[in-house]
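The values are calculated or read from the model by the stated rules, or taken from the named source; none is laboratory data. Model, not experiment: these values are computed from the prediction. Glycine gets a Cβ as well: all are built from the backbone with ideal geometry, and neighbour counts include every protein chain shown. To get the accessible areas, we keep the full protein, side chains included, count just its heavy atoms, and leave off ligands, DNA and RNA. Shrake-Rupley method; radii C 1.70, N 1.55, O 1.52, S 1.80 Å.
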Amino acid sequence: MSRYIVSTLALLAAIVPSASFAGSGDAQVNLTISGFVPVICRAQLDNATVSLPDDGSAVQLGRLNEFCNSPGGYHVVVSYTGHGDLGALIVDGRQVHLDGSGRAVITESAGPAILSHELDYQPGKDAITSLNVTVETIGA
């Protein structure tokens, strides 16, 4: 990006001639530079495959790393499959009940952020069969 700005300034300097006016003193040139920063969001779970223990105890899913530069904030959402009593995800010790809808918001931020969370799964009588993590931006 900075290489682009430097190239643009060099081009403008070559195009805009030096201003010298007879008897006018100093000449002033106003230059406005603007840029566009795209909204980029991602969430990644370090541990992709786990095996559930037979005793029904919680299992570590790994570290969830999230990045989003949305000025309006964002939600990290999990989509999951399974039926019945699916249990809960545990995000940094906080339980998020999986109600069978196939979707749950597990973290959120009111503005841009780079965050990391420990993610565990406590199965219920039944267990989820898949889990997908996505980021949804808030506002424009």
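Return the pair list, or none, for Cβ contacts closer than 8 Å from residues in the range 38-54 that are at negative phi to residues that are loosely packed, with under 11 Cβ neighbours inside 10 Å, at least 6 apart or on different chains. Pairs that qualify, where the first residue is at negative phi and the partner is loosely packed, with under 11 Cβ neighbours inside 10 Å: there are none. The residue list Asp126, Asp120 contains one member that is of a type in the set (Asp, Glu) and open to solvent by 60 Å² or more (accessible area, probe 1.4 Å), which is Asp126.
Has the range 67-77 got any residue that is surrounded by fewer than 15 Cβ atoms within 10 Å (Cβ to Cβ), touching a helix residue (DSSP H, G or I) at 6+ places or on another chain (Cβ under 7 Å) and either at pLDDT below 95 or assigned to a loop (DSSP other than H, G, I, E, B) (or both)? For the range 67-77, residues surrounded by fewer than 15 Cβ atoms within 10 Å (Cβ to Cβ), touching a helix residue (DSSP H, G or I) at 6+ places or on another chain (Cβ under 7 Å) and either at pLDDT below 95 or assigned to a loop (DSSP other than H, G, I, E, B) (or both): absent. A single entry from His117, His83 fulfils the requirement of being in contact (Cβ under 8 Å) with a residue 40 or more places away in the chain and assigned to a strand (DSSP E or B): His117. Of all the criteria given as (1) open to solvent by 40 Å² or more (accessible area, probe 1.4 Å); (2) in a strand (DSSP E or B); (3) not charged (D, E, K, R), the one not satisfied by Ile106 is (1).
For the range 92-103, the set of residues classified as assigned to a strand (DSSP E or B) and either of a type outside the set (A, V, I, L, M, F, W, C) or surrounded by 18 or more Cβ atoms within 10 Å (Cβ to Cβ) (or both) consists of Arg94, Gln95, His97, Arg103, listed by residue number.
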